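Visitor: Okay, handing you the structure first.
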Amino acid sequence: MDINDQDIYQGVVFLKVLRQIEESSTNLTYQIKSGTSKNSFLIEDNKSKNIGIYIKYTKKPRSPWSFSFITEHQEEIEILSEVCDQVLITFVCHYDGIVCLTYQELKEVLDEKFEESERVSIRRKARGNYWVKGRDGRMEASITRNDLGKKIIEAFK
């Protein structure tokens, strides 16, 4: 079986999720399942909560990073929001880090009206936090590198 870029970037997301769940020292038992496309996954815990994870990535080495969302991507995220307790959208910024947005945070930068193609842009200065903006707005607060683990743990509470 060949290994492609998507496998590598998705693997990074799950490695970070696993490590950050372990570091939180919770007694969480969970199962990871495939979602409705190659970009989405479900994490189910032993209390029948489920978290949808949608993964975007770029191989561009430096900020700013740009991620496109065609209508199908936004529709899939919308479906995840209907069937999951929480949805997290992850943006793998090449080797720099992972930006994690909740579904509600994504709606701050991409609204409910799906265009044929929309973009989310992420910037980070050296040793700084990530700043996110999209076609329909920008986030007021920055995102840290540790937000992925925090948001996963919070989603399971």
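Visitor: Per-residue HN-Hα couplings for segment 127-135, Karplus 6.51 cos²θ - 1.76 cosθ + 1.60 at θ = phi - 60°, whole Hz, x for Gly and Pro?
Guide: After applying 6.51 cos²θ - 1.76 cosθ + 1.60, I find 6, x, 8, 8, 10, 10, 9, x, 4 Hz.
Visitor: May I ask you to give the percent of accessible area on segment 84-157 that is carbon plus sulfur, with a probe radius of 1.4 Å?
Guide: Answer for segment 84-157: carbon and sulfur cover 44 percent of the accessible area.
Visitor: Can you give the Rg/Rh ratio of segment 21-136, where Rg is from the C-alpha atoms and Rh is the Kirkwood radius?
Guide: Rg divided by Rh gives 0.98.
Visitor: Here's a follow-up. Show that you can apply the helix-only estimate: for the chain, add -39,500 (n - 2.57) for every DSSP H stretch of four or more residues, divide by all residues, and state [θ] at 222 nm to the nearest 500.
Guide: -9500 deg cm²/dmol, from helical runs alone.
Visitor: With helices defined as uninterrupted DSSP H runs, which ones in the chain have an alpha carbon span along their own long axis of at least 24 Å and mean Kyte-Doolittle hydropathy of at least -1.0?
Guide: Answer set is 5-23.
Visitor: Among bridges DSSP assigns within segment 13-150, what percent are antiparallel (round to 5)?
Guide: Among the beta bridges of segment 13-150, antiparallel pairing accounts for roughly 80 percent.
Visitor: Hey, can you find the accessible area per residue of the chain for me, probe 1.4 Å, expressed in square angstrom?
Guide: Averaged over the residues of the chain, the accessible area is 57 Å².
Visitor: While we're on this one: Enumerate the aspartates and glutamates that residue 150 could reach by cross-link, defined here as Cα to Cα under 19 Å, with residues fewer than 8 away along the same chain left out.
Guide: Within reach: 22, 23, 44, 45, 85, 96, 105, 140.
Visitor: Based on alpha-carbon centroids, what's the gap between segment 7-72 and segment 125-157 in Å, whole number please?
Guide: When both Cα centres are located, 14 Å separates them.
The values are calculated or read from the model by the stated rules, or taken from the named source; none is laboratory data. From a predicted model like this one, the values you see are computed outputs, not experimental measurements. For accessibility, only protein heavy atoms count, side chains too; no ligands or nucleic acids. Shrake-Rupley method; radii C 1.70, N 1.55, O 1.52, S 1.80 Å.
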